[in-house]
Amino acid sequence: MSKRLSQLGEFGLIELLKRYQGSGAPVMKGIGDDTAIVPLDDQRYLLLTTDMLLEGVHFERKTSPHLIGHKALACSVSDIAAMGGRPRYALVSLGVPGELSWAFVRDLYKGMDALARQFGVAIVGGDTVKSAKVVINIALTGEAKKTKVIYRKGAQPGDIIFVTGVLGRSLSTGWHLKFIPRVKEAQYLVRYLKPTAMIDISDGLAADLGHILKASRVGAMVGEGLIPRRAGASTCQALYDGEDFELIFTIPPRTAASLRKQPRFPLYPIGAIVASPRQLMIRDQKNILSKISPQGYTHF
């Protein structure tokens, strides 16, 4: 008997869909990282990502359409940043009810346009359809030098784990609608230090760090007191809330000291990579060590 999607889970479904990837054109990286990677020229890769936002799941109709548009594009820009790339061209597909006002759609696009101008993204087309709820799909390309791309795999035992900002309570504070993708931070990192692994935090610190551990075949030890939290956020919220869209990255200890001293933006060391494959441990304020689950938000 065929399993229901709720039994498979989001990532179980993705694993099954990996069977159907077509063939033909050269692919450097397909399903399994923040973006796909294909050849562009002798020195650069083309990065491709897509994100779908659905009314009632990622936003409510009463939410400012300007913020909805901002978030829709920012999610994909964050994926490009997590690979060490720069965003370039976007296609926007929009499903909207017929009774929706023109002003709503206009302001939604204004939100996307403002962020696109901030990061040098050109919105070059898309599609529109009638739908029962508001649905926004962004397909975004980026580019990166072949020597600068950062994958989820690559973390090594002894590497220090950093995050680029505070975590937790993203939904209750509205941060999930107004976050700024960490493109500048990522470009600094790939230019001067080149992390061994990197990912953005969309599903939660524990889940997304877990993706690095799985891809790199390593484990991690984090300090509860080291995790930077948004005001009022608990440890649980910082680990599992998601939609913070900060970057998690790993870097060898020999360069970590210099990274802590850079004055351009805050970076927080939260722990270290260990050899135990996929094992995620946390040391609490009383120095008690416990295992935590690398889980976060899933759609099924």
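Within the stretch 136-176, the set of residues being touching a Gly at 6+ places or on another chain (Cβ under 7 Å) and acidic (D, E) comprises just one member, E143.
Of all residues in the stretch 207-242, those being within 12 Å of V163 (Cα to Cα) and either among the charged types (D, E, K, R) or in contact with a Pro (Cβ under 6 Å, 6 or more places away or on another chain) (or both) number 2. Among the conditions (1) touching an Asp or Glu at 6+ places or on another chain (Cβ under 8 Å); (2) surrounded by fewer than 17 Cβ atoms within 10 Å (Cβ to Cβ), I248 misses just one, which is (2). At least 3 residues being under 30 Å from P269 (Cβ atoms) and in contact (Cβ under 8 Å) with a residue 60 or more places away in the chain is the threshold, and among the strands (runs of 3 or more DSSP E) wholly inside the stretch 87-190 those reaching it are 135-145, 160-163. Here S170 meets each of (1) buried (at least 20 other Cβ atoms within 10 Å of the Cβ); (2) in contact with a strand residue (DSSP E or B) (Cβ under 9 Å, 6 or more places away or on another chain); (3) in the same structural domain as A233 (by TED's automatic domain parsing); (4) on the phi < 0 side of the Ramachandran plot with one exception, condition (2). Counting residues in the stretch 140-162 that are at negative phi, surrounded by fewer than 23 Cβ atoms within 10 Å (Cβ to Cβ) and among the small types (G, A, S) gives zero.
Any residue at all in the stretch 232-247 that is under 24 Å from Q156 (Cβ atoms), assigned to a loop (DSSP other than H, G, I, E, B) and under 20 Å from the mean Cα position of the chain (by Cα)? Yes, that holds for at least one residue.
The values are calculated or read from the model by the stated rules, or taken from the named source; none is laboratory data. Bear in mind that the values here come from a model prediction, so they are computed numbers and not experimental data. Virtual Cβ from ideal backbone geometry, glycine too; neighbours counted across all protein chains shown.
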